[in-house]
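S.K.: Got a structure for you, written out below as structure tokens; questions coming shortly.
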């Protein structure tokens, strides 16, 4: 499973085990309250199939007793009927996933058996401190027949000793994959390399796959993704036009332009961006690199302050810098 | 001179030999025909001093018999009087450079002795195929008392065997530094690593410094710069807000946020961006990452097609993709 640093020959070739997951609706949904049109989601589904993408994440499985359905688009809840409206029985090579957050998902009731669902994989999102709850969700999903992953958020803020214990717990669980999640976009490639090797040590020991989900606060989402790939990380998150919370994610178009597996096709991705992503931006949906996100990324903190600032269309960056400096003192 | 791959301790520390060069007026000038206000250039000069930047490049030394002075701002020509208006005798720690292009500079006449100039360094820009002309310019500048560098453009299109010969010629010359220039923004960190090591082999043999000038077509300008730094490259180009031709350059604010030498200060850079760079964008000056630049970068070709396309404010990316595909077949 582990590969050494890419040699020139490996850089020219490709690794079959790499799987690309499109998280546009799920992470992108965080910036438009999941209010995508059916046309958008259907075209994205068709585009992912044409582009050779391996997984498409349709959204969250949020607890309806905690979140009001009127306050969000349907992809925060991913009702089976809504999924079927888009994908039918999904008789394609594209697998489908949903994300379930620790503490925000009534998984025992709301996640049905895989035999009755179009969904193939459940991705459990957790902080390192809530690992037992995450593992309970993972075991529940696995028993129901799903592939499972654990996405350990905010890894840049986790104590490394805690992370070691959490990784060992996951190693001993039935989870299939574990993701490095740089929620704050604060990590640089050298750190991604070190963290990747920590995760891959666990993966080697227990027979798991490792994934990466990067944010673009320092224009490093793509670079950090390449770095992880080079070390042997195989499960790769990306979004169209980098759409995602705050500074956004690793852009699908950059990733597919880099990967050499001939099954991946860039043209349909470019076409989709032309047809749909520009429209979202024109409608006022905000995401992508900017100075405020750079600042929260450099300070290794949650982007919420930068999001609020950006939504106000403010440009007094030096005041924002001082504000974040004050928050950290 | 050569450092091995950064260890965690090296990542936390810093390397004294690293020198940051601000190329905003020079590379940024390519997108506004060098029409910066004096206030902009003066504030940038003061900001570079406050930020601890090591060099500031003021523009080109273009041949006035080839280029009409009315068609460009003054920083395409860098008259000594214009420089003195901004910097006086430059009694500061900030060194000043200008760029001289092979074939576009009447260097024997237009570059005066350093003793009579505020300029400290001449950077000679060349393709790998015009190395004898570049070396003649370098020897001329060195004789006049300047520090000198050679910036080998479009390295991604150079034959590696030609590059080896060119590097050896430079090694035997009196040049102080040699830059890796990814003019098309087509290189990924693994390639930068390989190229850095080729240049550093020459540097070790002949006692030179190596530099990097990256473009952001694939959102990799900062990442490629970090990669080169990690390998032992010490001369680093950056521009405020990434301003530069096409997709722009490595952003100064990202770079100074990354470098750990306490002499570098981020706050004045953020302040300058707030006060000046947003205004340039509002005035219609175009630079920065976009899908057309990604496409020319991935195809390893000059960004001129993407620049023309972007200036027309077109968004039919799939047509542009096919156009570039056709050009390459």
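All of the numbers you see were taken from the coordinates with simple rules; none came from a lab. This is a predicted model, so every value here is computed, not measured. Here Cβ is always computed from backbone atoms with ideal geometry, including for glycine, and neighbour counts include all displayed protein chains.
S.K.: Hull surface divided by four, with the convex hull built on the Cα atoms of the range B:124-242: how many nm²?
M.R.: Across all orientations, the range B:124-242 yields a mean hull projection of 6.9 nm².
S.K.: Exposure proxy check: B:304, A:245, A:194 ranked by fewest other beta carbons within 10 Å?
M.R.: B:304, A:194, A:245
S.K.: Please average, across the residues of B:223-230, the number of beta carbons from any other chain that are within 10 Å of each residue's own beta carbon, and give a whole number.
M.R.: Details: counts 11, 1, 0, 7, 5, 0, 1, 4.
Taking the mean over all residues of the peptide, I get 4.
S.K.: Using alpha-carbon pairs under 8 Å, 6+ residues apart, how would you state the relative contact order of the range A:69-184 in percent? Let's see the in-between values first.
M.R.: Numbers: 159 pairs, mean separation 25.8, N = 116.
Worked out over the range A:69-184, it gives 22 percent.
S.K.: Which order do peptides B:121-134, A:60-73 fall in by mean Cβ count within 10 Å, highest first?
M.R.: With the highest mean Cβ count within 10 Å placed first, the list reads B:121-134, A:60-73.
S.K.: Can you bin every Cα-Cα distance in chain A into 20 Å intervals starting at zero and give me the percent of pairs per bin, rounded to whole numbers?
M.R.: All Cα pairs, binned at 20 Å, distribute as 33, 62, 6 percent.
S.K.: So for B:307, A:165, A:49, fewest C-beta neighbours within 10 Å to most, what's the order?
M.R.: Fewest to most other Cβ atoms nearby, the residues stand as A:165, A:49, B:307.
S.K.: If you don't mind, there's one more thing I want to ask. Any idea how far the Cα center of the range A:199-248 sits from the one of the range A:289-329, in Å?
M.R.: 24 Å
S.K.: Here's a follow-up. Translational diffusion coefficient of the range B:203-329 at 10 °C, 1.306 mPa s, Stokes-Einstein with Kirkwood Rh over Cα pairs, in µm²/s as a whole number.
M.R.: Estimated via Stokes-Einstein, D reaches 98 µm²/s.
S.K.: OK, next. Quick one: with label points 7 Å out along Cα→Cβ, list the inter-copy distances for residue A:11 in nm, shortest first?
M.R.: 2.0
S.K.: Using the Cα atoms of the protein assembly as shown, I'd like the radius of gyration and the largest Cα-Cα distance, Dmax, both in angstrom.
M.R.: Taking only Cα atoms of the protein assembly as shown, I get Rg and Dmax of 25.5, 83 Å.
S.K.: Can you name the chain B residue with its Cβ nearest the rotation axis from B to A, and give the distance in Å as a whole number?
M.R.: Closest to the axis: B:223, 2.
S.K.: Now a separate question. Over chain A, what relative contact order in percent results from Cα pairs under 8 Å that are six or more residues apart? Could you put the intermediate results ahead of the total?
M.R.: Values: 640 pairs, mean separation 61.4, N = 329.
Rounded, it is 19 percent for chain A.
S.K.: Related question: Need the C-alpha centroid separation for the range B:31-89 versus the range A:110-137, integer Å.
M.R.: Using only Cα atoms, the two centres lie 59 Å from each other.
S.K.: From the label point of residue A:67, set 7 Å along Cα to the beta carbon, how far off in nm is each other copy's matching point, shortest first?
M.R.: Relative to the other copies, residue A:67 has label-point distances of 5.4 nm.
S.K.: Tell me, A:250, A:105, B:174 in order of fewest to most beta-carbon neighbours within 10 Å?
M.R.: Fewest-to-most Cβ neighbours within 10 Å comes out as B:174, A:105, A:250.
S.K.: Taking 37 °C and 0.692 mPa s as the conditions, I'd like the Stokes-Einstein D for the range B:72-135 in µm²/s, using the Kirkwood hydrodynamic radius from alpha carbon pairs. List each step's numbers first, then the result.
M.R.: On the way: Rh = 12.9 Å.
Diffusion coefficient, whole number: 254 µm²/s.
S.K.: Take the Cα radius of gyration of the range A:1-84 and divide it by 2.2 N^0.38 Å, with N its residue count; two decimals is plenty.
M.R.: 1.44
S.K.: In addition: Considering only the label points, 7 Å along Cα→Cβ from Cα, what distances in nm to one decimal separate residue A:286 from the same position in each other copy, shortest first?
M.R.: Shortest to longest, the spacings are 2.5 nm.
S.K.: Still on this structure: Rounded to the nearest 500 deg cm²/dmol, what is the calculated helix-only ellipticity per residue at 222 nm for chain B, with -39500 (n - 2.57) per DSSP H run of length n ≥ 4? Provide the component values of the computation, followed by the final result.
M.R.: Numbers: 15 runs with 140 residues, N = 329.
Result for chain B: -12000 deg cm²/dmol, rounded to the nearest 500.
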